[in-house]
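Colleague: Have a look at this one.
The values are calculated or read from the model by the stated rules, or taken from the named source; none is laboratory data. Remember, it's a predicted structure, so these values are computed and weren't measured experimentally. So basically every Cβ, Gly included, is an ideal-geometry build from the backbone, and we count neighbours across all protein chains shown. Just the protein is used for accessible areas: all its heavy atoms, side chains included, with ligands, DNA and RNA removed. Shrake-Rupley method; radii C 1.70, N 1.55, O 1.52, S 1.80 Å.
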Amino acid sequence: RAEAGRTVEFAGVPSVGLEFFSAAGCANTVTALSPAATATSVTFYFKARTAGALDITVSSDSLTSATQRHTIVAGAASALAFTSAAQNLALGACSAVAEIQSRDAYGNASAVAAPVQVQLGASPATAVSFYSDPSCSAPVSAIPLSPSSISAAFYFKGDAPGAVDIKASSTGLAE
């Protein structure tokens, strides 16, 4: 049974993107609650934005703290992001592998629900050519991204000197 004036505090690891709430509507964030003196439990809610393991600890001054592990899963894929670094190439040289990844609204890697074609493009448009192989011999304008994989790879070759912006896009996925 809770003592009058006792405060129950909440913490989580990892704490990035984690919020605690006092009600199911998740409108008012809290870091602690003070239950009624006759209460034997405290109800709280949380939202987490980082996929993976999450340990939530509840503690109070005179009670033993308790920790519970949760698994947060990524949301539906809604965006594409490059996971490979920008590259500097000699004119006509084939690049190292370039990778794109499907992600949820919070930036977590997330598989697409159905196969999609990712269109490849560049600005200026004639400055680069795209390929499916590391020898840059099989030209492509799009690469497949399947539900069994969160990423897709391609290669490119510079066709004109100068800086180039490479883009990957697919219907329903933000760039």
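Colleague: Averaging over all projection directions, find the projected area of the Cα convex hull of the range 86-175 and quote it in nm² with one decimal place. Let's see the in-between values first.
Modeller: On the way: hull surface 23.4 nm².
For the range 86-175, the mean projected area of the Cα convex hull comes to 5.9 nm².
Colleague: Once the piece of chain linking A125 and S84 is laid out straight, how much longer is it, given 0.36 nm per residue of separation minus the C-alpha distance between them?
Modeller: So the extension gain works out to 12.7 nm.
Colleague: Out of the total accessible area of the range 33-156 (probe 1.4 Å, heavy atoms of protein only), what percent is carbon and sulfur?
Modeller: Accessible surface attributable to carbon and sulfur in the range 33-156 totals 54 percent.
Colleague: Still on this structure: Can you divide the C-alpha Rg of the range 124-175 by 2.2 N^0.38 Å and report the result to two decimal places?
Modeller: 1.24
Colleague: Among T40, V8, L173, flag the residue with its Cα farthest along the positive direction of the charge dipole of the chain, charges on Cβ as +1 for Lys/Arg and -1 for Asp/Glu.
Modeller: Positive-most Cα among the choices belongs to T40.
Colleague: Taking Rh as the Kirkwood radius, which is the inverse of the mean 1/r over Cα pairs, what is the Rg/Rh value for the range 1-123?
Modeller: Ratio value, two decimals: 1.22.
Colleague: Using protein chains only and a probe of 1.4 angstrom, how many square angstrom of S141 are accessible, to the nearest 10?
Modeller: 80 Å²
Colleague: With the crude spin-label approximation of a point 7 Å out along Cα→Cβ, what separation in nm comes out for T50 versus S22?
Modeller: Modelled inter-label distance: 2.7 nm.
Colleague: If you don't mind, another one. So, with +1 on the Cβ of K and R and -1 on the Cβ of D and E, and no other charges, what is the size of the charge dipole of the chain about its Cα centre, to the nearest 20 debye? Mind dumping the intermediate values first?
Modeller: On the way: 8 positive and 11 negative charges, 45 e Å.
Its charge dipole is roughly 220 debye.
Colleague: What is the distance, in nm, between label points placed 7 Å from the Cα along the Cα-to-Cβ direction at T64 and at V97?
Modeller: 4.8 nm
Colleague: So in the chain, which Cys have no other cysteine's beta-carbon sitting under 4.7 angstrom from theirs?
Modeller: Lone cysteines by the Cβ rule: C26.
Colleague: Hey, can you find the accessible area per residue of the chain for me, probe 1.4 Å, expressed in square angstrom?
Modeller: 57 Å²
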